[in-house]
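Here the structure comes first, spelled out in structure tokens, and everything after it is commentary.
The values are calculated or read from the model by the stated rules, or taken from the named source; none is laboratory data. Only a predicted model underlies this, so the values are computations on that prediction, with no experimental measurement involved. Positions of Cβ are generated from backbone atoms using ideal geometry, with glycine treated the same way; all protein chains shown enter the neighbour counts. With ligands, DNA and RNA removed, areas are computed over all heavy atoms of the protein, side chains included. Shrake-Rupley method; radii C 1.70, N 1.55, O 1.52, S 1.80 Å.
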Amino acid sequence: MAASKSHPVKTSKTVLKRFLDLEQPKEYCQVEYIWIDGTGEGIRSKGRTLDFVPKEAKECPIWNYDGSSTWQSDGCNSDLYLYPRALFRDPFRGGNNKLVMCDVYKHNKEPVESNKRNTCADVMEKAKDLAPWFGIEQEYSLLDFDGYPLGWPKQGFPGPQGPYYCGVGSDKVYGRDVVEAHYRACLYAGITISGINAEVMPSQWEFQVGPCEGIKMGDELWVARYILLRVAEEFDVRVTFDPKPIPGNWNGAGAHCNYSTKPMREDGGLAEIEKAIDKLSLKQKEHIRAYDPKNGQDNARRLLGSHETSSIDQFSAGVANRGASIRIPRQVAEDKKGYLEDRRPASNCDPYSVTEIVVRTTVLE
């Protein structure tokens, strides 16, 4: 029997609000535990009640779940551990309720294969004296529930790219309600969200997180993605982080990583930036493998040397060049200090993997 197409389940948000408006006992706090599943890009979560309000993630109890249902363990030994790492305000439940980003460990307390945070945290600790800062530009696409881009004609395509980037007007942008709701929810949660904009392909958007130092970059971007997915639920809209959601003459989606160390940000830091670029040029294959969860297979559909991307097989760098692997912003070239932008990471990358290998290559090797 062939599976039928599913449709969004329509429930009443007005009825829900009646219950969410009920007074919550002050002695209880709802905490949503968030983690990454075995695909390296899927987000899972579940909630529990605490009889206190945690002020730090480490105050939240270690918890467990069935890893055999998330592609992370066998059914005969399925329990995995959730270690709380970063705490945020919950923009969905409000009040004293929290979101907590976790990483995952096996029965022997070793990290599961999809736990990239563990080694990233070690690298950031080794590099902490250099104060590595990151800002990631997260691109994504909004889809109707049938999987077709939101606002696109069902039988055909919209007009060619050109008027949509940073566009204004109902014939230029689709899904702004989702974007604005996500922006405000991230600010409420405590995410260092620094901006939003409509992207080149219609129904594609971007939000930026940063600057964040060290391990906080990965924690905050993963929670910002979780919030986006939850917000989209409210609007019966789907979100995809696929790096090339529509084949053909349409821009793909990336997660451009802006990066600097303290010496790069100081006077004369351009020389340090150029040294970092030289080191990056020697590790093209290693970085490509780390920049999407399928070791470069997803990015191979995007990094074609066209549509504002570099070639996946060749390393390049340039000032204000959006077709290069590494872009030095024009203002940075003029100021002779600042940061570099690595344009290679795919939109579905694991930010822990990206930030870890950037620091390893530029300052630890």
Inset, instruction - Considering only region 162-186, state which residues are open to solvent by 20 Å² or more (accessible area, probe 1.4 Å), more than 25 Å from residue 307 (Cβ to Cβ) and aliphatic (A, V, I, L, M). - result: 181
Legend entry - residue 177 being assigned to a loop (DSSP other than H, G, I, E, B) and acidic (Asp, Glu): no
Legend entry - region 305-315: number of residues that are under 27 Å from residue 116 (Cα atoms), open to solvent by 40 Å² or more (accessible area, probe 1.4 Å) and not charged (D, E, K, R): 2
Legend entry - Which numbered condition residue 337 misses (of (1) more than 19 Å from the chain's Cα centre (by Cα); (2) part of a loop (DSSP other than H, G, I, E, B); (3) within 18 Å of residue 137 (Cα to Cα); (4) among the basic types (Lys, Arg)): (3)
Legend entry - Flag for residue 258 being within 30 Å of residue 362 (Cα to Cα), part of a loop (DSSP other than H, G, I, E, B) and modelled with pLDDT of 95 or more: no
Legend entry - Residues that are outside any loop (DSSP other than H, G, I, E, B) and out of contact with any Lys or Arg (no Cβ under 6 Å at 6 or more places or on another chain), drawn from region 103-122: 104, 105, 111, 117, 118, 119, 120, 121, 122
Legend entry - In region 177-212, the residues that are hydrophobic (A, V, I, L, M, F, W, C), more than 21 Å from residue 237 (Cα to Cα) and within 14 Å of the chain's Cα centre (by Cα): 191, 193, 209, 212
Legend entry - Residue pairs meeting the criteria (Cβ under 6 Å; at least 6 apart or on separate chains; first closer than 12 Å to residue 225 by Cβ and in the same structural domain as residue 96 (by the TED database), in region 31-45; second open to solvent by 20 Å² or more (accessible area, probe 1.4 Å) and not hydrophobic (A, V, I, L, M, F, W, C)): 34/45; 41/293
Inset, instruction - Just give me the residues in region 326-360 being buried (at least 16 other Cβ atoms within 10 Å of the Cβ) and farther than 19 Å from residue 293 by Cα, in sequence order. - result: 326, 327, 328, 332, 337, 338, 339, 340, 341
Inset, instruction - May I ask you to verify whether residue 268 is part of a loop (DSSP other than H, G, I, E, B), within 23 Å of residue 139 (Cα to Cα) and in contact (Cβ under 8 Å) with a residue 12 or more places away in the chain? - result: no
Legend entry - Tabulated pairs, region 92-113, first farther than 19 Å from residue 231 by Cα, second basic (Lys, Arg) and in a loop (DSSP other than H, G, I, E, B), C-beta under 6 angstrom, 6+ apart or interchain: 112/106
Inset, instruction - Could you tell me whether residue 252 is in a loop (DSSP other than H, G, I, E, B) and free of Cβ contacts under 8 Å to residues at least 40 places away in the same chain? - result: no
Inset, instruction - Considering only residues that are closer than 13 Å to residue 100 by Cβ and part of a strand (DSSP E or B), look in region 45-81 and name the one that is farthest from the chain's Cα centre (by Cα). - result: 50
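Condition check ((1) surrounded by 13 or more Cβ atoms within 10 Å (Cβ to Cβ); (2) among the polar types (S, T, N, Q)) across all residues:
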| residue | (1), (2) |
| --- | --- |
| 7 | no, no |
| 11 | no, yes |
| 17 | no, no |
| 23 | no, no |
| 34 | yes, no |
Inset, instruction - Go through region 22-44 and count every residue that is outside any loop (DSSP other than H, G, I, E, B), charged (D, E, K, R) and under 16 Å from residue 97 (Cβ atoms). - result: 1
